[in-house]
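Visitor: One structure follows; several queries about it will come next.
The values are calculated or read from the model by the stated rules, or taken from the named source; none is laboratory data. The model shown is predicted, which means the values in this text are computed figures rather than measured ones. Here the Cβ positions follow ideal geometry from the backbone for every residue, glycine too, while neighbour counts run over all protein chains shown.
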Amino acid sequence: MKWIIQSLLRPFGYQIHDMRKFGRDPWRDLQILLQSVPAPLCFDVGAHRGETLGHIVENFPKATIYAFEPDPDNFAALQKAAAQFPQAKLYSLAMGDSQTKAMLQKTAFSMSNSILSPETDLKLETHRKIGEVEISVTTLDQFCKEQGIGNIDLLKTDCQGFDLRVLRGASRMLAERRVNIIQCESLFAPEYQGQGWFYEVLHFLNDSGYAPVSFGEPARNKHHEALWCDVIFKRREPTE
């Protein structure tokens, strides 16, 4: 019966997928990976205006969430979005590989804001600079030390090319196996100057004891080339 339905839908561009299978839906994948953790501690690094925050609460109602967003305008919107989520703790901070001050490049499309400048050949309205603002940058290792946080169940990063530096700033937590699952925006094409590429993130996390287990639907250009997607990494279990 299933193949009959599939054959009827295919000419219209549709297909039936079993969403219960691992790899079909990133949030279901996260539920499976964290099924033994009823109240996960989650870090939302690059929280923007609360989009991921809402997904975390929907899928993990008992989660405790630390959300980080350095842009003042986005942070104000994040505060409004998080008003209904008492389990969320908000910080107007960026994460990186050192404690410092930095200039955040504000763009016409606020999701494209980045500490990094866009590639010079990238002529997109979404990356058009409209201003900049000084922000504070810290590291995950330092923040967790100051806050007395021993373990992170889910670390999500979406930092517009800065994700590799965010992960490097968690080297101690990763080495001590204190981070369980990582969901990281991964870039396959040049977008920001000095960006961390997917192969660099993969190499770093592989050396840190993590393996990729799930890939989100990639964003593509008009030539069908993959630009970026969210990749989920799982901490490897120690070998016997």
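Visitor: Kindly indicate the residue of region 218-234 that is outside any loop (DSSP other than H, G, I, E, B) and of a type outside the set (A, V, I, L, M, F, W, C) and also farthest from Ile181 (Cα to Cα) among those meeting that condition. Spell out the reasoning first.
Guide: The initial filter retains those residues of region 218-234 that are outside any loop (DSSP other than H, G, I, E, B), namely 219-220, 226-234.
Next, only the ones that are of a type outside the set (A, V, I, L, M, F, W, C) stay: 220, 230, 234.
Working: Arg220: 26, Asp230: 13, Lys234: 5 Å.
Taking the candidates together, the pick is Arg220.
Visitor: Scanning for something touching a helix residue (DSSP H, G or I) at 6+ places or on another chain (Cβ under 7 Å), surrounded by 22 or more Cβ atoms within 10 Å (Cβ to Cβ), modelled with pLDDT of 95 or more and among the basic types (Lys, Arg), does region 159-182 turn up at least one residue?
Guide: No, the conditions are met nowhere in region 159-182.
Visitor: Mind listing whichever residues of region 123-153 are part of a loop (DSSP other than H, G, I, E, B) and among the hydrophobic types (A, V, I, L, M, F, W, C)?
Guide: Keep residues of region 123-153 that are part of a loop (DSSP other than H, G, I, E, B), which gives 123-124, 128, 139, 148-151.
Listed by number, the residues that qualify are Leu124, Ile149.
Visitor: Ok, one more. Mind listing just one residue for me: the one in region 116-151 that is surrounded by 22 or more Cβ atoms within 10 Å (Cβ to Cβ) and either of a type in the set (A, V, I, L, M) or over 18 Å from the mean Cα position of the chain (by Cα) (or both) and, of those, farthest from Ala63 (Cα to Cα)? Break it down stepwise before answering.
Guide: Filtering region 116-151 for residues surrounded by 22 or more Cβ atoms within 10 Å (Cβ to Cβ) gives 118, 139-140.
Add one more test, that the residue is either of a type in the set (A, V, I, L, M) or over 18 Å from the mean Cα position of the chain (by Cα) (or both), and what stays is 118, 140.
Numbers: Pro118: 35, Leu140: 19 Å.
Across region 116-151, the extreme among qualifying residues is Pro118.
Visitor: For residues that are touching a strand residue (DSSP E or B) at 6+ places or on another chain (Cβ under 8 Å) and crowded, with 16+ Cβ neighbours inside 10 Å, scanning just region 2-36, find the one that is modelled with the lowest pLDDT. Explain how you work it out, then say what you get.
Guide: Of all residues in region 2-36, those touching a strand residue (DSSP E or B) at 6+ places or on another chain (Cβ under 8 Å) come to 22-23, 26, 29-30, 33-34.
Filter once more, so that each one left must be crowded, with 16+ Cβ neighbours inside 10 Å: 26, 29-30, 33-34.
Numbers: Pro26: 93, Asp29: 96, Leu30: 97, Leu33: 97, Leu34: 97.
That would be Pro26.
Visitor: Quick check on this structure: which one of Ile232, Ile135, Ile149 is modelled with pLDDT of 95 or more and more than 25 Å from Lys101 (Cβ to Cβ)?
Guide: Details: Ile135 fails: more than 25 Å from Lys101 (Cβ to Cβ); Ile149 fails: more than 25 Å from Lys101 (Cβ to Cβ).
Unique residue meeting the criteria: Ile232.
Visitor: With respect to Arg178, determine if the residue is of a type in the set (D, E, K, R) and without any contact (Cβ under 8 Å) to a residue 60 or more places away in the chain.
Guide: Values: of a type in the set (D, E, K, R): yes; without any contact (Cβ under 8 Å) to a residue 60 or more places away in the chain: yes.
Yes, satisfied.
Visitor: Hey, can you tell me all the residues within region 196-210 that are outside any helix (DSSP H, G or I) and under 16 Å from the mean Cα position of the chain (by Cα)? Spell out how you get there, then give the answer.
Guide: At the first step, the residues of region 196-210 found to be outside any helix (DSSP H, G or I) are 196-197, 208-210.
Passing the criteria: Gly196, Trp197, Tyr210.
Visitor: Quick one: in region 215-236, of everything that is free of Cβ contacts under 8 Å to residues at least 60 places away in the same chain and small (Gly, Ala, Ser), which residue is nearest to Asp153 (Cα to Cα)? Give the steps one after another, and end with the answer.
Guide: We begin by selecting, within region 215-236, every residue free of Cβ contacts under 8 Å to residues at least 60 places away in the same chain; these are 217-229, 231, 233, 235-236.
Narrowing further to those that are small (Gly, Ala, Ser): 219, 226.
Numbers: Ala219: 27, Ala226: 29 Å.
Selected residue: Ala219.
Visitor: Please work out which residue is nearest to the chain's Cα centre (by Cα), limiting yourself to region 50-97 and to residues that are part of a strand (DSSP E or B) and among the hydroxyl-bearing types (Ser, Thr, Tyr).
Guide: Pass one, region 50-97, residues part of a strand (DSSP E or B): 64-68, 88-91, 94-95.
Then drop every residue that is not among the hydroxyl-bearing types (Ser, Thr, Tyr), which leaves 64, 66, 91.
Numbers: Thr64: 17, Tyr66: 13, Tyr91: 16 Å.
If we take residues in region 50-97 being part of a strand (DSSP E or B) and among the hydroxyl-bearing types (Ser, Thr, Tyr), then Tyr66 is nearest to the chain's Cα centre (by Cα).
Visitor: I would also like to ask the following. Which of (1) under 19 Å from Arg236 (Cα atoms); (2) among the charged types (D, E, K, R); (3) out of contact with any Cys (no Cβ under 9 Å at 6 or more places or on another chain); (4) assigned to a strand (DSSP E or B) does Lys156 not meet, given it meets every other one?
Guide: Failed condition: (3).
Visitor: Pull up region 52-109, narrow it to residues that are among the charged types (D, E, K, R) and closer than 25 Å to Arg128 by Cβ, then point me to the one that is surrounded by the most Cβ atoms within 10 Å (Cβ to Cβ). Explain how you work it out, then say what you get.
Guide: Just the residues of region 52-109 that are among the charged types (D, E, K, R), to begin with: 58, 62, 69, 71, 73, 80, 89, 97, 101, 106.
Checking the rest, the ones that are also closer than 25 Å to Arg128 by Cβ come to 69, 71, 73, 101, 106.
Numbers: Glu69: 27, Asp71: 21, Asp73: 14, Lys101: 9, Lys106: 18.
It comes out as Glu69.
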